[in-house]
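The values are calculated or read from the model by the stated rules, or taken from the named source; none is laboratory data. Note that this is a predicted model, so its numbers are computed, not measured. Don't worry about glycine lacking a Cβ; one is built from the backbone with ideal geometry, like all the others, and counts go over all protein chains shown.
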Amino acid sequence: MKQNFFILSAYPGHGKDFSLSLLNELTKEYFYQIQLALKAKEIISNSLHKKYLLGNEGNKVEVLNYLKDKKMDEKILGNKNMRGVLQIILGDVFRTINPNINILFTLKTMENKLLENVTSFVCTDNRYKNEQEFLYPLTKLNSNDEKIDYIRWQIRNNLTKYKRIEILEIFDDLTKEIRTNNEDIVMLNKIKIGFLEFNEKLNETEEEKNNYIDLMKKIDFNNIGKMTKEEGLKNGLINIFRPIIPINYENEKSNILEVIEEYTKLPKEEIIFIKDNYNRYNIDFNVKNIHKYGFLRADPNHLSETDLNGRKPEPFLNIPFYLEGNLRDQLSNLLVQKKNDRIKKIKHT
């Protein structure tokens, strides 16, 4: 079976988008990018104050991502920056209303693309166990028709149970800390409306033809954490870690900023940005923690970064591009080997 659906896992900034570009390049295929948070980001970005959108009204999600990644000190709602807003709205509010809502939004998008005969997909932001449990079975299905039917089965069996008034009550209860003035209230009301509108579209999903309970039972999700990176790639799972000091480096007394600069070739401003993030999340900036967290952009202790612990394959190391064995080299070698193994299997059948 040719693998045409990959699921990427990594801390923010560790190379998921880069890996997608490599898969497109090395396989000479076009992989449609599945972003589990995209629909939620669209809903939130449509509520952004006009001061953030001047000249960028047509690229609201890009503005949101810029605020998230580059404007860490900008307060968007209450005292929360954009990444904090996303963690509350996506990670707390939406998931309380329906723990599967982001994946249902995503599956609806995939259904539409499959109906347009798109065949290859890469998910670049799997962070939660339930997301993995919805997506991973798609790597086991061959045809577009099978995948469409599976998607419809999942959507129809996981629709939001709460009534409209109950959704609004949950929303208000969980956003108290970021509802501090009239501007916050206006933004939150726009988010509510956007959520309710798309949630209603899920109810229009066509009825499935088959039941996929047996497929789900055959998959041992806890075994994923035991996979090598080669086994993960074969099964459509790619885990990535981006170190910023040499793997075997242990000298705690060195000037760690100089070590990072020499190893990564990053500009000093970017390295200071990484160091500031360690401080922002109350993590000591020492060799031990840098080996553990690498390129740090978000709170590594938030549920969105820890929920898949133990359920990721051995990581591919996204080491600097100039070093032998960089991520491109690793993926290239394994994808060529995987292709050759598939050809041999076809010849012997």
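Any residue at all in the stretch 328-337 that is buried (at least 17 other Cβ atoms within 10 Å of the Cβ) and not in a helix (DSSP H, G or I)?
no
Residue check: is Asp173 at pLDDT 95 or above, buried (at least 18 other Cβ atoms within 10 Å of the Cβ), charged (D, E, K, R) and assigned to a helix (DSSP H, G or I)?
It is false that Asp173 is at pLDDT 95 or above, buried (at least 18 other Cβ atoms within 10 Å of the Cβ), charged (D, E, K, R) and assigned to a helix (DSSP H, G or I).
All but one of (1) more than 30 Å from Thr160 (Cα to Cα); (2) of a type in the set (Ser, Thr, Tyr); (3) assigned to a loop (DSSP other than H, G, I, E, B) hold for Thr205, so report the exception by its number.
Condition (1) is where Thr205 drops out.
Scan the stretch 316-327 residue by residue and report those that are more than 15 Å from Glu25 (Cα to Cα) and buried (at least 19 other Cβ atoms within 10 Å of the Cβ).
Selection gives Phe316, Leu317, Asn318, Ile319.
Report, ordered by the first and then the second residue, all pairs with beta carbons closer than 6 Å, sequence separation of six or more or different chains, a first member in the stretch 204-231 that is in contact (Cβ under 8 Å) with a residue 40 or more places away in the chain and over 14 Å from Lys147 (Cα atoms), and a second member that is acidic (Asp, Glu) and surrounded by 14 or more Cβ atoms within 10 Å (Cβ to Cβ).
Thr228/Glu314; Lys229/Glu314
Considering each of Asn142, Asn117, Asn112 in turn, give the residue that is under 23 Å from the mean Cα position of the chain (by Cα) and surrounded by fewer than 16 Cβ atoms within 10 Å (Cβ to Cβ).
When all the criteria are applied, what remains is Asn112.
Give me a count of the residues in the stretch 34-53 that are in a loop (DSSP other than H, G, I, E, B) and in contact (Cβ under 8 Å) with a residue 24 or more places away in the chain.
Residues flagged as in a loop (DSSP other than H, G, I, E, B) and in contact (Cβ under 8 Å) with a residue 24 or more places away in the chain within the stretch 34-53 amount to 7.
Identify the single condition in (1) modelled with pLDDT of 90 or more; (2) within 22 Å of Leu196 (Cβ to Cβ) that Gly91 does not satisfy, given that it satisfies every other one.
(1) is the only condition that Gly91 fails.
Hey, could you check the stretch 116-164 for residues that are closer than 23 Å to Pro300 by Cα and polar (S, T, N, Q) and say which is modelled with the highest pLDDT?
Ranking the candidates gives Gln132 first.
Within the stretch 286-309, track down each residue that is under 29 Å from Glu324 (Cβ atoms) and surrounded by fewer than 16 Cβ atoms within 10 Å (Cβ to Cβ).
Within the stretch 286-309, Asn286, Lys288, Asn289, Lys292 qualify.
Mind checking which pairs have a first residue in the stretch 175-188 that is of a type in the set (S, T, N, Q) and a second that is assigned to a helix (DSSP H, G or I), Cβ under 6 Å, 6 or more apart or different chains?
Thr175/Leu188
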